[in-house]
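Taking it in order: structure first as C-alpha cells, then the write-up.
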Amino acid sequence: MYYKKTNIWASVDWWTIAIYLILVIAGWFSIYASTYDFDQTEMFDFSTRTGMQLIWIFTSLFIGVLLLLIDSDVYEMLSIWFYLLIALLLSVTIFIAPDIKGSRSWLVIIPGVIQIQPAEFAKFATSLALARILSVYKFDIRNFKIVLVSFGIILLPVLLIYLQKETGSALVFLSLFLVLYREGMPGYILFSGFVAVLFFVLSIRFNDVVWGENISAGIFLVFLFILFFILFILYNYPKGKNHAKQLSYITLLIGFVSGIIYFFIPFDLTWVVGSLIAGMLIYMLLLYIRYRASTYLWIVVFGLTSFAFLYSVDYVFDNILKPHQRIRIQVTLGTIDDPGGAGYNVNQSKIAIGSGGLVGKGFLNGTQTKLKYVPEQDTDFIFCTIGEEIGFLGASLVLVFFIILILRLIYLAERQSMAFCRIYGYCVACIFFFHLAINIGMVIGITPVIGIPLPFFSYGGSSLLGFTLLLFIFLRLDTARNRSYDN
C-alpha cells in the first residue's frame, strides 16, 4: 500500500501563514519601537537588536520553507530521536552553559554574536514525541505504563530546564497536560491541578490575615472550599445526590447554630468546618465499604490530600521556592508592596500600558518606553510598548490575532485524519496559549513574573526560530491531511 502525494503549496494553510507573517512583522516593528534610540534611528543596522531580529526573521522564514518541503512522514519517524537529542542537549547545557543573569540556559555559538537557548527547541521535540507515543498507544488512565511514559515525556524537559534555573521556560511544558485531557485523561486530574493552585493562592494570600479574634483567614477559606468541593463531587455522582442533599442540610444547620453561638461567644470557626469535613470523609469511607463505589473512595482521598497539601504549602513556599520567586508571588498576590524592587518591572509596565489610553501615543512616541523606565521592554515586557504606543485598541487587535491563530490551530488539529497530526497540533496550540496567557498576565500584573517571551514579538532568535519550528512542522503535517491510499 502507498499513498498519492498531494501538492504541498496547494494544500498548505495560507491563512495560518498570513497570521504568522502579520505577527512577525508587527513584532519586528515593536522591537524597533522598544529599542529606539534618538541617536541611532536606522532600522536596518545589523549591529542593533532590530537588525539582528530581521536576520532571524529571514532565517526563520527560510527554515520554515525547508520544513514544508520535508516529507511529513519524516517528522513522525524521527520524533523520538529528536526528543532524545534535545534531552541530551538540555543535559549538557546544565554543565557547559555560562552563567547569564543567574541561569545556565544559553549555549554560546559565536561569543557576542550568536547564542541559542535549547529550551526553545525542546518544545517542538517534546510535542513530536508525545504525539508519537499517544498515536501508537492511546492514553488510558488505567494503563499505568502509558501514563508513566506520557508524564515522563512531559516532565523530563521540565526537570532539565529547571536545573538550568529557567523556571518560566520549564513551566511552559506543563501546558501539554491539556493535550492529555483532549486524548482521554479524566477531568479530575485537571480539576486536582486547579484545586492545588487555588489552595496555594488562598493560603499564601491570606496567610497572615486574621478574622475576628482568632480565625486564620487562609485556613478557613481553604476549609470552606474543601467542604464545597466534596459536596459538589457528591452532587454530580448520580448515586450520591441524596447523600449530598442530606449533608448539605446538616452543614447549613450546623453553620447557622455556630454563627449564633459565635455572635455571643467568639471562637475559632475553623474547627467547626474542619469537623464537618472530617465527619463527611468518615461517612464517605463507610459508604465505600458498603457499596464499593470508587467515587466515595476518591472523595476520601481528595479530602485527605487537600489537608496534606494545605499544611505543606508553608514548607514549600519557605524552603523550595527561591527568595526572588517568593517575592514575585507575594507582589502579584498583593501581600507585599515593593514598587522599587521586585514589583518595579510590573509597576512601570502598568504605567506604560495605562498611559497609552484608548488609541495610544503614536509609533515611537511612548515616553515610558523611550526613556527606558521598563526593564526588559524588548523581550518579556514588550507588550507594554504595544499598549503605550497603539493603545487599548491596538493591543486588543494584537490579542485578537493571537486568539485567531490559536483557534485556527485547534480547527486544523481537529480536521486531521491521523492521530499523530491531531495530537501534535494540540501541543502547538497549548504552548502558544500558555505563552500568550502568562506573558500578558505578568505584564499587567495578574500572574507572577516568570520570564517567558511573547511569541513572534519578544526579541530573540531562539524564541522566534523555536515558535517557527513548532508552527511550520504542523503546517507540513496538515498538508498531508487528504492523502489518499492505493493498493
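Some notes on this structure:
- Qualifying positions in segment 194-210 - exposed (fewer than 14 other Cβ atoms within 10 Å of the Cβ) and either closer than 28 Å to ILE141 by Cβ or without any contact (Cβ under 8 Å) to a residue 12 or more places away in the chain (or both): PHE194, VAL197, VAL209, VAL210
- Counting only helices (runs of 4 or more DSSP H) that sit completely within segment 13-112, those holding 3 or more residues that are in contact with a Phe, Trp or Tyr (Cβ under 6 Å, 6 or more places away or on another chain) correspond to 14-34, 49-69.
- Of all residue pairs spaced 6 or more apart or on separate chains, those with beta-carbon atoms under 7 Å, a first member in segment 395-413 that is of a type in the set (Phe, Trp, Tyr) and a second member that is surrounded by 14 or more Cβ atoms within 10 Å (Cβ to Cβ) are PHE401/ILE19; PHE401/ILE22; PHE401/LEU23; PHE402/LEU436.
- Hits in segment 402-422 - residues which are in a loop (DSSP other than H, G, I, E, B) and of a type in the set (Phe, Trp, Tyr): none
- Candidate set from segment 413-455 (those that are hydroxyl-bearing (Ser, Thr, Tyr) and within 17 Å of the chain's Cα centre (by Cα)); member that is surrounded by the most Cβ atoms within 10 Å (Cβ to Cβ): TYR424
Rundown of residues vs (1) buried (at least 21 other Cβ atoms within 10 Å of the Cβ); (2) of a type in the set (Gly, Ala, Ser); (3) within 30 Å of ARG142 (Cα to Cα), yes/no style:
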{"site": "LEU287", "(1), (2), (3)": "no, no, yes"}
{"site": "GLN348", "(1), (2), (3)": "no, no, no"}
{"site": "ILE351", "(1), (2), (3)": "no, no, no"}
{"site": "ASN365", "(1), (2), (3)": "no, no, no"}
{"site": "GLU389", "(1), (2), (3)": "yes, no, no"}
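- Comparison of ARG326, ARG292 shows that the only residue that is of a type in the set (D, E, K, R), more than 30 Å from ARG49 (Cβ to Cβ) and surrounded by 14 or more Cβ atoms within 10 Å (Cβ to Cβ) is ARG326.
Coordinate-derived values only; no laboratory data. These figures come from a predicted structure and were not determined experimentally. Every residue, glycine among them, receives a Cβ derived from its backbone with ideal geometry; neighbour counts consider all protein chains shown.
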